[in-house]
Amino acid sequence: MSRRDGVVADLPPGIDAPVFAEPWQAEAFAMTVALHDKGVFSWSEWAQALSAQVKDPGAAADGHDYYEHWLAALEGLLASKGLAAKADVDAMAESWERAAHATPHGKPILLENDPGPAR
């Protein structure tokens with residue numbers, strides 16, 4: 001059963017697992033919807049970008065890498081529109097990774113915890 005607006009509804013048969021395997025997948029999904037809602041891209045642009053990624057010869061036949069393709073499509077769209085260059089996205093991801101490793105267990109990961117690139 002699921003709750004929405006105080007209404008309890010049965011889930012469709014066969015749905016017994018979370019839609020997203022990892023929190024980052026839900027975040028990528030939410031970012032995509034929010035950027036579309038702000039007019040950054042149309043759904044047809046999104047569909048074309050995601051389709052190109054999913055059809056990539058390296059894509060897993062069982063679809064386990066679907067959200068990696070989702071993220072690549074989103075990054076590609078943002079780069080093509082001049083909003084976030086791949087190098088900038090990669091640098092930010094590396095900064096968050098360093099911050100995560102520098103943050104004590106149980107504490108929130110903050111970008112300001114990034115000790116900077118290893119020398």
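Can you tell me the FRET efficiency between residue 62 and residue 112 if r is taken as the Cβ-Cβ distance and R0 is 35 Å, rounded to the nearest 0.05? Intermediate results must be reported in sequence, preceding the final value.
Working: r = 39 Å, r/R0 = 1.13.
That pair, residue 62 with residue 112, gives E of 0.35.
Taking 0.36 nm per residue of separation and subtracting the Cα-Cα distance, what length does fully extending residue 85 through residue 48 add?
Numbers: separation 37, 0.36 × 37 = 13.32 nm, distance 1.94 nm.
Full-extension gain reported as 11.4 nm.
Would you mind giving the average projected area, over all directions, of the Cα convex hull of region 18-84 in nm² with one decimal? Kindly include the intermediate steps, with their values, before the conclusion.
Details: hull surface 18.9 nm².
That works out to 4.7 nm², a quarter of the Cα hull's surface.
Read-outs: derived from the displayed coordinates by stated rules, not from any lab. Everything numeric here is computed off the predicted structure, so don't read it as measured data. Backbone-built Cβ (ideal geometry, glycine too); neighbour counts: all protein chains shown.
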